[in-house]
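> This is the structure I have questions about; it appears just below.
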Amino acid sequence: MSGSSIFITDIDFLVTADADQNVLAGAWILAIDGFIDSFGVGTPPEVEGRVRTLRGRGRILTPGFVNTHHHLYQNMARAYTPGNNLPLLPWLAHMNKLWRYFREEDLHTCTRLGLAELMMSGATTVADHHYVFPEGATDMTVAQFDAAEIMGARFHASRGSMNVKSDLISDWALQDEETILTETEQLIEKYHDSTSGSYRQIIVAPCAATSCSASLLERSAALAKKHHVGLHTHCGETVAENDFSVEKLGLRPLDFLLERGWDYNRAWLAHGIHFNDEELSQLSQYGIGVAHCPNANMRLGSGICRVPELIKQGIKVGVGVDGSASNDSGHMLAELRQAMYLARVRYGAEAMSALDTIDLGTWRAAALIGREDVGKIETGLCADFALFPSEELYSNGAENVVDALLICHARQVSELIVGGSVRIENGQFVEIDLIELQTEHKERAAKVRSRSFNRE
Ligand SMILES: [Zn+2]
């Protein structure tokens with residue numbers, strides 16, 4: 001995808017997300033061919049040539065948000081009654097029954113719908129963790145990349161895997177190790193683009209230490225290291241998971257992963273709630289990061305991630321909305337707001353400011369998934385911007401308009417720009433018929449659920 005040029009003037013507030021958390025009032029920004037050329041305050045420069053201009057009056061501009069953990073396929077099982085009031089492991093047992101007949105076209109719809117939610121709430125880069133590959137479904141990752149291209153988001157596809165039988169996972173959801181590793185390497189070779197401004201990346205992503213064999217975990221880490229790509233899994237989500245791991249594997253899950261070669265600075269772990277002090281030191285030592293998913297953690301009653309302590313210890317951390325069946329909406333700004341308030345529940349009201357929270361959705365999240373070209377307003381970085389209305393009903397009359405973005409009820413973007421291209425304008429997708437997409441998704445979701453019941 002080639003980049004576009006855009007010139008935005010008269011922006012009420014521009015949140016840079018730089019090291020000093022600078023916020024510029026009355027700002028302008030110029031992007032050329034998809035990358036930030038210059039920005040500043042006061043009288044904007046004369047721009048030569050045919051560059052699209054946009055007025056930023058009544059807008060707060062932030063870097064496009066980066067979602068670090070998700071399972072987009074689950075948006076066909078959200079608010080799914082059997083799982084609505086359960087903790088993680090029994091919830092998983094219900095979830096895992098649904099996908100036997102789930103195919104590429106279903107995932108294509110899920111990905112478009114889920115990206116629409118995320119983009120409407122400010123996300124421009126999305127990492128998804130897909131680990132459901134029923135027999136007969138072979139091109140799941142390709143379907144996701146195609147869907148992301150239609151929506152216009154940067155997409156990191158985590159090629160997930162499960163190969164260990166348990167009470168929680170149906171046999172049809174397991175794949176053999178050779179198939180998993182061969183397909184993952186083929187995807188890396190065919191699709192992974194590590195250049196600046198990349199729209200497609202592959203991540204090696206076994207589902208969890210408890211659902212993958214020791215050999216698969218070890219070879220997955222080796223594969224990620226060989227190709228210098230990201231490595232991702234779930235870890236430390238619940239006390240029950242830690243106990244299960246000790247019982248089945250003889251080690252806590254992080255120790256088990258480290259013994260299998262996960263001492264890798266491109267690795268990041270979803271949730272990371274139940275790590276002890278020694279484990280935090282290990283994460284810091286090896287450069288392993290954590291995707292913090294506050295809504296899912298509260299929804300499943302899993303616990304509270306030690307985010308301020310992680311940051312203090314130099315551990316990479318970013319926010320992820322997590323799968324739509326444990327959240328159950330992919331709203332980036334709302335997720336960030338919950339991260340801020342959940343940190344305050346554990347550490348007090350001074351633990352995390354609104355700007356600290358924006359960091360968790362921008363440059364910290366970008367660093368977590370291995371991107372240096374997104375997540376900040378800085379010359380040379382990707383022209384990925386979320387423009388929110390400075391004021392709306394739920395923040396009307398706010399004294400500090402920028403803090404209100406987080407402190408008041410979460411809102412949707414007015415405009416969303418990816419690589420200089422306007423994807424959302426005046427609160428509407430430019431090229432996507434959202435109502436049509438919602439109808440398609442609703443009908444398909446009902447079919448997915450009924451197919452699995454009728455044919456079990
Ligand atoms: Zn997850």
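> Just to be sure before I move on: is residue 343 free of Cβ contacts under 8 Å to residues at least 40 places away in the same chain, surrounded by 23 or more Cβ atoms within 10 Å (Cβ to Cβ) and either hydrophobic (A, V, I, L, M, F, W, C) or assigned to a loop (DSSP other than H, G, I, E, B) (or both) in the structure I sent? Lay out the reasoning, then the answer.
Numbers: free of Cβ contacts under 8 Å to residues at least 40 places away in the same chain: yes; surrounded by 23 or more Cβ atoms within 10 Å (Cβ to Cβ): yes; either hydrophobic (A, V, I, L, M, F, W, C) or assigned to a loop (DSSP other than H, G, I, E, B) (or both): yes.
The answer is yes for residue 343.
Residues are listed down the side, and each one gets a yes or a no for (1) buried (at least 22 other Cβ atoms within 10 Å of the Cβ); (2) of a type outside the set (Asp, Glu); (3) part of a strand (DSSP E or B):
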residue: 48; (1), (2), (3): no, no, no
residue: 94; (1), (2), (3): no, yes, no
residue: 100; (1), (2), (3): no, yes, no
residue: 106; (1), (2), (3): yes, no, no
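> Related question: Checking the structure you have, find out if any residue of segment 45-65 is at pLDDT 95 or above, away from the ligand (no atom under 16 Å from the Cβ), within 22 Å of residue 203 (Cα to Cα) and within 22 Å of the chain's Cα centre (by Cα).
The answer is yes; a qualifying residue exists.
> Follow-up. I want to confirm something. Restricting to segment 232-262 and keeping residues that are closer than 17 Å to residue 160 by Cβ and within 15 Å of the ligand (Cβ to nearest atom), which single residue is surrounded by the fewest Cβ atoms within 10 Å (Cβ to Cβ)?
241
> Against the condition of a type in the set (Val, Ile, Thr), buried (at least 17 other Cβ atoms within 10 Å of the Cβ), within 16 Å of the ligand (Cβ to nearest atom) and part of a loop (DSSP other than H, G, I, E, B), how does residue 132 come out, does it pass?
yes
> Among (1) of a type in the set (A, V, I, L, M); (2) touching a His at 6+ places or on another chain (Cβ under 6 Å); (3) within 15 Å of the ligand (Cβ to nearest atom), where does residue 113 come up short?
(3)
> Select from segment 304-331 the residues that are in contact with a helix residue (DSSP H, G or I) (Cβ under 6 Å, 6 or more places away or on another chain), within 16 Å of the ligand (Cβ to nearest atom) and farther than 20 Å from residue 263 by Cα and list them in ascending order. I'd like the intermediate steps shown before the answer.
In the first step, residues of segment 304-331 are kept if they are in contact with a helix residue (DSSP H, G or I) (Cβ under 6 Å, 6 or more places away or on another chain); the result is 304, 307-308, 313-319, 321-327, 330.
Applying the additional criterion that residues be within 16 Å of the ligand (Cβ to nearest atom) yields 317-319, 321-327, 330.
Within segment 304-331, 319, 321, 322, 323, 324, 325, 326, 327, 330 qualify.
> Given the structure, is residue 34 more than 16 Å from the ligand (Cβ to nearest atom), surrounded by 18 or more Cβ atoms within 10 Å (Cβ to Cβ) and at positive phi?
yes
> Of the conditions (1) more than 16 Å from the ligand (Cβ to nearest atom); (2) closer than 30 Å to residue 9 by Cβ; (3) not acidic (Asp, Glu), residue 82 satisfies every one except a single condition; which number is it?
The failed condition is (2).
> Go through segment 283-303 and give me each residue that's away from the ligand (no atom under 16 Å from the Cβ) and buried (at least 18 other Cβ atoms within 10 Å of the Cβ).
If we filter segment 283-303 for residues that are away from the ligand (no atom under 16 Å from the Cβ), which is where we start, we get 283-288.
283, 288 - these are the residues of segment 283-303 that are away from the ligand (no atom under 16 Å from the Cβ) and buried (at least 18 other Cβ atoms within 10 Å of the Cβ).
> Answer with yes or no whether residue 325 is free of Cβ contacts under 8 Å to residues at least 24 places away in the same chain, assigned by TED's automatic domain parsing to the domain that holds residue 197 and in a loop (DSSP other than H, G, I, E, B).
Working: free of Cβ contacts under 8 Å to residues at least 24 places away in the same chain: no; assigned by TED's automatic domain parsing to the domain that holds residue 197: yes; in a loop (DSSP other than H, G, I, E, B): yes.
In short, no.
Conditions tested, residue by residue: (1) of a type in the set (Gly, Ala, Ser); (2) assigned by TED's automatic domain parsing to the domain that holds residue 86; (3) within 16 Å of the ligand (Cβ to nearest atom); (4) in a helix (DSSP H, G or I).
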{"position": "149", "(1), (2), (3), (4)": "no, yes, no, yes"}
{"position": "155", "(1), (2), (3), (4)": "no, yes, no, no"}
{"position": "160", "(1), (2), (3), (4)": "yes, yes, yes, no"}
{"position": "164", "(1), (2), (3), (4)": "no, yes, no, no"}
{"position": "183", "(1), (2), (3), (4)": "no, yes, no, yes"}
{"position": "189", "(1), (2), (3), (4)": "no, yes, no, yes"}
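> Among the candidates 391, 415, single out the residue that is among the charged types (D, E, K, R) and at pLDDT 95 or above. Steps first, answer last, please.
Working: 391 fails: at pLDDT 95 or above.
One residue alone meets the criteria, 415.
The rows are residues; the columns are (1) in contact (Cβ under 8 Å) with a residue 40 or more places away in the chain; (2) over 24 Å from residue 172 (Cα atoms); (3) assigned by TED's automatic domain parsing to the domain that holds residue 325; (4) within 16 Å of the ligand (Cβ to nearest atom).
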| position | (1), (2), (3), (4) |
| --- | --- |
| 97 | yes, no, yes, no |
| 109 | yes, no, yes, no |
| 118 | yes, yes, yes, yes |
| 127 | yes, yes, yes, yes |
| 137 | no, no, yes, no |
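Residue by residue, here is whether (1) under 22 Å from the mean Cα position of the chain (by Cα); (2) at pLDDT 95 or above; (3) on the phi > 0 side of the Ramachandran plot holds:
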| site | (1), (2), (3) |
| --- | --- |
| 212 | no, yes, no |
| 219 | no, yes, no |
| 228 | yes, yes, yes |
| 231 | yes, yes, no |
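> Check whether at least one residue in segment 11-22 is under 28 Å from the mean Cα position of the chain (by Cα), in the same structural domain as residue 336 (by TED's automatic domain parsing) and exposed (fewer than 14 other Cβ atoms within 10 Å of the Cβ), and report yes or no.
We begin by selecting, within segment 11-22, every residue under 28 Å from the mean Cα position of the chain (by Cα); these are 11-22.
Now narrow it down to the ones that are in the same structural domain as residue 336 (by TED's automatic domain parsing): none.
Looking through segment 11-22, none of the residues is under 28 Å from the mean Cα position of the chain (by Cα), in the same structural domain as residue 336 (by TED's automatic domain parsing) and exposed (fewer than 14 other Cβ atoms within 10 Å of the Cβ).
The values are calculated or read from the model by the stated rules, or taken from the named source; none is laboratory data. Just so it is clear, the model here is predicted, and its values are computed rather than measured. In this analysis, Cβ positions are derived from the backbone assuming ideal geometry, glycine residues included, and neighbour counts consider all displayed protein chains.
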